[in-house]
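Structure, as structure tokens:
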Amino acid sequence: MKYVALLAFCAGLILAAMARAQESSPSGADKYALPPVSLVPITPGGGTPIEGKSKIGEEYEKSPEHIQAGKLLFSAMNCSGCHSSGGGGMGLNLMLPTKVYGSSIENLAATIAEGRPNGMPSFRGFIPMEQIWELAAYVKTLSVNPTDK
Amino acid sequence: MMEWNKGPAWYAAVFTASLLTSWAFFSAQAQTPPTFTNTNDDKEWTMPAKNVASTRYSSLDQINSKNVKDLKVAFTFSTGTEKGAEGAPLVIGDTMYVVTPYPNILFALDLTKNGALKWRYDPKPSPAAQGEACCDVVNRGAVFTDGKIIYNTLDDYTVAVDANTGKEAWRTKMGEINKGETMTMAPLLMKDKVLVGDSGGEMGVRGWGAALDVKTGKIVWRAYNTGPDKDVLIGSDFKPFYDSEKGKDLGVSTWPADSWQHGGGSVWGWASYDPDLNLVYYGVSNPGPWNSSLRPGDNKWTAGLWARNPDTGQARWFYQYSPHDLYDYDGVNEVILLDMDWQGQPRKVLVHPDRNGYVYVMDRTTGEVLSANPFQDITSSTGVDLKTGRLQYVAAKQPKVGETVTDICPAPPGAKDWQPSAFSNKSKLLYIPHNNLCFDTKELDVGYIEGTPYVGTEVHMHAGHGGNRGEYAAWDIANGKKVWAIQENFPVWSGTVVTAGDVAFYGTMDGWFKAIDANSGDLLWQFKTGSGIIGQPVTYLGPDGKQYVAILSGVGGWSGAIVAGQIDRRDGTAALGFVNAMKDLPDVTTTGGTLYVFAIP
């Protein structure tokens, strides 16, 4: 298990370099691109906020393989360093169903990619977008099926 | 009251205390604070530790063991913050100064008007700094000198603010949040300089201490705690007492290749200064990562204590409390400077209750350990070898990769964390607010990613022997044992102050501010504040000539992160495993920073 995590970590570093290269060539990256997505349920003038559903999000959050991959990345990319086993610490509590920056898989992927002002780093370019979606799929399970750690 | 040691010595102590009106008489030849602490400024409180010897003793005695029961709230002030309030209020002239946890606002309160707000200074720290601080976003206070209030911000600036106007006098950038560095310690005043250091022992920083000129904010020196001697400021003046501290570039050779570059060793706790010896004393944090299997070697110069020349930074000696630290036993706790007879010889000593569970008495001229006695049940080591100075680890409690080792005591926050002790000139006792925590741990592989935690362990903490998670102990320094102790349900995460009125004050994490008899430990008075207390009490004379006692209430810190950080109690590993021991804290307290000031009406 630990070697899997270590391998995932090393692979992550290589993929990080690839991801940075990818940023400059949009072809092929579109499948994993973040959809426009609102953070709030209110909008002025009687409009409807963008729910921002995505095909990839829908696919990954139902996929045990991608969720499992996300779980390994959660340790290997050191998400656990701040969010512990999901309950939080330096980072926010991920076991709460309502999250400050949105609870949909699209919101979660956006949070990981862009970072957030009060201490969440931006992982765009450090982790490939495909793996960010896997992480988001795993993080979603932490509040949907919370377990004691 | 905890019946700590019901052997003959305990009964003798109780008997003696009951016969004599004061403990001071019993120990007339005992330790005294150095003469350089003799000043007539007890009206004010200008630095968190009261004086550069860090005794936290006040000669004020209007409030005493007889009348403290009549103490009432004089005024309060909301800091507008929801994070752990570990700071000490300062009093200079007719003004009180309070530094908040992030966002590190400095408030000046007018003591002639019941603490009315005079002005505020906002250093505007980067919000991102909150994501780089290991254990809540605390600040341990400021220092007054040269007409300025000087303190550190979470995003790595040391700032100086004109104490009259609230205008910024200078600001100096000291570190990089992107590398995991933050600043939380209170600066120490050393003549015309202040000592500051970084936090980030859990972030794989390369830790340092530095001195700044109080007039200009210019960095006079900076000494790293890992790496080659030239970076550590080790030169010809360096004369450590023990052989294990001797050799060239030990800050490189006691680490696996290059891992000293992110080996932790930060400086975030307390420091003291001896103007006679012209030495500054400050401790160094744990090495990184916590996973000790990844860093074979002594990991110099972490988990130990420096004595340095404050003018040049050049090291005089170093002592490593916990060589090759296995358990996050930072060496940053307070060092109290005293003069005492030791086996018939007068010695300039320092007294230090360490995370590893021992109260050290050391010769502060040479760095020799004179005694090291346990103040909590310890399973991680059997003692300190006074010949070699080395901590004697217990092999069975050595953490392992992928395998859980249980019931290691003390836990990572130690038998005592940052919460500073006080020494009474009258009772001659050391008053130690501390923890009683043990833990289970498993080491995990971890790679270093700059700006993120570098820990590599899975920790579950729990209460130590007896089930109480905290204790307030009165300690006999010469004999190395407890005189009495008060059990507390939660870790006693507040500092303490003791006065010539034979009263000591401390707070609890469920919000009680307590006054106890400094001789007997009897509870004399308590007041329930709005939130849990992890601050540092201080006492002063107001403009009306009356004695006041002040404390910040506001739960948080590492122990209170479960409340201040809204951490999920279902995850025992959260907050580096502290949540497992604090699952009931959210049931008894909520966040919110408030200053409380008390007086006898």
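The values are calculated or read from the model by the stated rules, or taken from the named source; none is laboratory data. All figures in this text were calculated on a predicted structure; none of them were measured in a lab. Here the Cβ is made from the backbone with ideal geometry for all residues, glycine too, and neighbour counts use every protein chain on show. Only protein heavy atoms, including side chains, enter the accessible area calculation; ligands, DNA and RNA are left aside. Shrake-Rupley method; radii C 1.70, N 1.55, O 1.52, S 1.80 Å.
Values for this structure:
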| item | result |
| --- | --- |
| Complete set of residues in the range B:563-581 that are in contact with a Phe, Trp or Tyr (Cβ under 8 Å, 6 or more places away or on another chain) and within 8 Å of another protein chain (Cβ to nearest Cβ) | B:A575, B:L576 |
| Residue identified as farther than 21 Å from B:L60 by Cβ and within 14 Å of chain A (Cβ to nearest Cβ) among B:S531, B:S559 | B:S559 |
| Subset tally (residues that are within 13 Å of another protein chain (Cβ to nearest Cβ) and touching a residue at least 60 places away in the same chain (Cβ under 8 Å)) for the range A:115-129 | 2 |
| Residue match in the range B:552-561 (condition: among the hydroxyl-bearing types (S, T, Y), surrounded by fewer than 24 Cβ atoms within 10 Å (Cβ to Cβ), modelled with pLDDT of 95 or more and in a loop (DSSP other than H, G, I, E, B)) | no |
| Candidate set: the range B:130-142, residues that are of a type outside the set (V, I, T) and within 14 Å of chain A (Cβ to nearest Cβ); chosen: the one surrounded by the most Cβ atoms within 10 Å (Cβ to Cβ) | B:E132 |
| Test: residue in the range A:134-146 that is more than 10 Å from the chain's Cα centre (by Cα), within 7 Å of another protein chain (Cβ to nearest Cβ) and farther than 29 Å from A:D30 by Cα | yes |
| Some residue of the range B:266-281 being open to solvent by 10 Å² or more (accessible area, probe 1.4 Å), over 28 Å from B:P34 (Cβ atoms) and charged (D, E, K, R) | no |
| Yes/no for B:G297 being free of Cβ contacts under 8 Å to residues at least 12 places away in the same chain, at positive phi and open to solvent by 30 Å² or more (accessible area, probe 1.4 Å) | no |
| A:G102 vs. criteria more than 14 Å from chain B (Cβ to nearest Cβ), in a loop (DSSP other than H, G, I, E, B) and open to solvent by less than 20 Å² (accessible area, probe 1.4 Å) | yes |
| Single unsatisfied condition, A:E58 versus (1) within 12 Å of chain B (Cβ to nearest Cβ); (2) of a type in the set (D, E, K, R); (3) assigned to a helix (DSSP H, G or I) | (1) |
| Residue within the range B:188-207 that is more than 24 Å from B:I336 (Cα to Cα), touching a residue at least 12 places away in the same chain (Cβ under 8 Å), in contact with a Lys or Arg (Cβ under 6 Å, 6 or more places away or on another chain) and not aliphatic (A, V, I, L, M) present | no |
| Residue among B:D584, B:D544 that alone is under 21 Å from B:F505 (Cβ atoms), away from chain A (no Cβ under 14 Å) and free of Cβ contacts under 8 Å to residues at least 12 places away in the same chain | B:D544 |
| Some residue of the range B:324-339 being touching a strand residue (DSSP E or B) at 6+ places or on another chain (Cβ under 8 Å), among the small types (G, A, S), in contact (Cβ under 8 Å) with a residue 12 or more places away in the chain and part of a strand (DSSP E or B) | no |
| Residue tally, condition outside any strand (DSSP E or B) and open to solvent by less than 20 Å² (accessible area, probe 1.4 Å), over the range B:470-497 | 9 |
| Residue within the range A:48-55 that is more than 12 Å from chain B (Cβ to nearest Cβ) and open to solvent by less than 20 Å² (accessible area, probe 1.4 Å) present | yes |
| Residues (surrounded by fewer than 15 Cβ atoms within 10 Å (Cβ to Cβ) and either within 14 Å of chain A (Cβ to nearest Cβ) or touching a helix residue (DSSP H, G or I) at 6+ places or on another chain (Cβ under 8 Å) (or both)) located in the range B:373-397 | B:T388 |
| Subset of the range B:227-241 (residues that are under 26 Å from B:V384 (Cα atoms), crowded, with 20+ Cβ neighbours inside 10 Å and over 25 Å from the mean Cα position of the chain (by Cα)) | B:I234 |
| Count of the range B:400-454 residues which are under 17 Å from B:G577 (Cβ atoms), charged (D, E, K, R) and assigned to a loop (DSSP other than H, G, I, E, B) | 1 |
| Some residue of the range B:456-464 being touching a residue at least 40 places away in the same chain (Cβ under 8 Å), part of a loop (DSSP other than H, G, I, E, B) and within 14 Å of chain A (Cβ to nearest Cβ) | yes |
| Residues satisfying the stated conditions in the range A:56-80, i.e. open to solvent by less than 20 Å² (accessible area, probe 1.4 Å) and more than 17 Å from A:A33 (Cβ to Cβ) | A:S63, A:G70, A:L73, A:F74, A:A76, A:M77, A:N78 |
| Matching option when the condition is surrounded by fewer than 24 Cβ atoms within 10 Å (Cβ to Cβ) and within 14 Å of chain A (Cβ to nearest Cβ), among B:G447, B:G521, B:G467 | B:G447 |
| Residue match in the range B:402-411 (condition: buried (at least 24 other Cβ atoms within 10 Å of the Cβ), within 13 Å of B:S559 (Cα to Cα) and in contact (Cβ under 8 Å) with a residue 12 or more places away in the chain) | yes |
| Selection from the range B:110-129 of residues that are under 26 Å from the mean Cα position of the chain (by Cα), in contact (Cβ under 8 Å) with a residue 40 or more places away in the chain and more than 14 Å from every other protein chain (Cβ to nearest Cβ) | B:Y121, B:P123 |
| B:G197 vs. criteria open to solvent by less than 20 Å² (accessible area, probe 1.4 Å), at positive phi and at pLDDT 95 or above | no |
| Residue, surrounded by the most Cβ atoms within 10 Å (Cβ to Cβ), within the range B:73-103, restricted to residues that are small (G, A, S) and within 23 Å of B:Q547 (Cβ to Cβ) | B:A85 |
| Output for the range A:39-56, where each listed residue is in contact (Cβ under 8 Å) with a residue 12 or more places away in the chain and within 12 Å of A:G102 (Cβ to Cβ) | A:L39, A:I50, A:E51, A:G52 |
